[in-house]
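No lab work stands behind these numbers, since they all come straight from the coordinates. Computed from a predicted structure; not experimentally measured. Positions of Cβ are generated from backbone atoms using ideal geometry, with glycine treated the same way; all protein chains shown enter the neighbour counts.
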Amino acid sequence: MRPHDSQQTPGAAEPHDGATGTDSTDGAEGTGSNGRGPAEAPDAPAHSSVADPQPDPGPEVDPQPEALSVGAVPGAEPAALAADGKTPPTRRTFSGPRRSFDPSLAATLVLVRHGQTELTVAGAYSGAAAPGPGLTARGRTQAAHAADLVRRVGREAWTELPTAQSLVSSPLARAQETAAAVGRRVGANPTVDDRLTEADFGVWEGLTALEIAEGWPGGLEEWYETGTHRAPGGESVADVGERVAPAISELAAEHRGRTAVLVGHTVQIRAAIGVALDAPPSRWSTLRLPPASVSILRVWPGSITEVVAVGVPSDL
């Protein structure tokens with residue numbers, strides 16, 4: 001069972017970095033007529049919406065189970081156990097937490113979605129095509145806000161976490177620009193990991209949700225709702241998860257007791273969180289990730305993961 005403390009609500013992929021205005025995914029950067037944001041075009045928008053999550057810079061809820069003493073029956077009052085005058089039954093229970101959640105063993109991964117692009121504004125799906133669109137003027141401002149929020153991690157916000165020490169980015173231009181802003185703020189030089197790129201939308205690349213619906217009736221819905229349906233000539237949500245999961249595991253193993261910042265895209269970040277939650281790919285698109293939003297995972301050895309925050313807007 002994975003402890004979690006999620007602050008996010010369902011939303012669009014970028015709309016996937018592209019489909020829903022400020023809530024687009026790297027896929028469709030705006031929302032379609034069916035109410036879903038495209039994948040970054042979402043950076044791809046999610047197919048359901050909820051209220052924007054509010055960041056909680058306060059202390060985390062202790063993920064450790066309540067300690068029970070030997071001889072105690074969970075949930076029972078001691079007086080009730082001895083009410084008949086007999087010795088209460090001895091029941092061996094845990095005298096401490098079932099697992100160790102030593103903070104020094106946890107890797108903190110701060111997942112940052114890139115800022116707004118022209119395709120975000122247009123509500124078009126912007127995927128793995130390189131180099132892809134750059135940030136708009138507003139997108140650069142959003143990237144600066146994201147950089148400020150990342151720098152606050154371990155300081156004024158989420159004070160129990162280590163401050164950011166390393167930075168990894170998708171190879172696409174919009175993520176690279178956002179990572180450069182974060183790097184200047186936290187004093188880290190970004191490295192590139194190709195596994196953090198956005199979903200490949202194939203022939204849907206650059207199209208809006210309406211255009212996709214006209215050319216491939218029902219295809220976009222199936223892509224979102226099954227998680228395994230591939231865009232023509234591209235990837236499924238599950239495909240993205242298969243390449244992202246090893247990257248997350250490796251980065252977590254390299255950052256025990258430290259914090260790494262990963263700058264990427266809607267579908268890619270949703271996949272990282274979905275894998276952490278053991279959720280099926282068909283549910284990943286319900287996570288709402290606005291442009292330049294911040295999500296946080298803590299990963300212990302054995303892939304025990306706590307979801308600290310999801311899709312926190314950086315301009316609050």
Inset, instruction - List the extent of the Cα atoms of the range 133-256 along each of their three principal axes, largest first, rounded to whole Å. - result: 49, 36, 23
Legend entry - Distant alpha-carbon pairs in the range 93-197 (separation over 16 angstrom), percent: 62
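Normalised by the residues of the range 250-315, what does the relative contact order come to in percent, with Cα pairs under 8 Å and at least six apart?
Over the range 250-315, the number comes to 28 percent.
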Inset, instruction - For the range 244-291, state the semi-axes of the equivalent ellipsoid (square roots of 5 times the eigenvalues of the alpha-carbon gyration tensor), sorted largest first and rounded to whole angstrom. - result: 20, 13, 8
Legend entry - Debye-sum result for the range 215-255 in log10 I(q)/I(0), which assumes one identical scatterer on each alpha carbon, at q = 0.18, 0.24, 0.25, 0.28 Å⁻¹: -0.56, -0.74, -0.77, -0.87
Inset, instruction - Write out the GluC sites (Glu not before Pro) in the range 153-196 meeting two conditions: DSSP loop, and at most 13 other Cβ atoms within 10 Å of their Cβ. - result: E156, E160
Legend entry - Peptides ranked, highest mean first, by Cβ atoms within 10 Å: ranges 196-203, 180-187: 196-203, 180-187
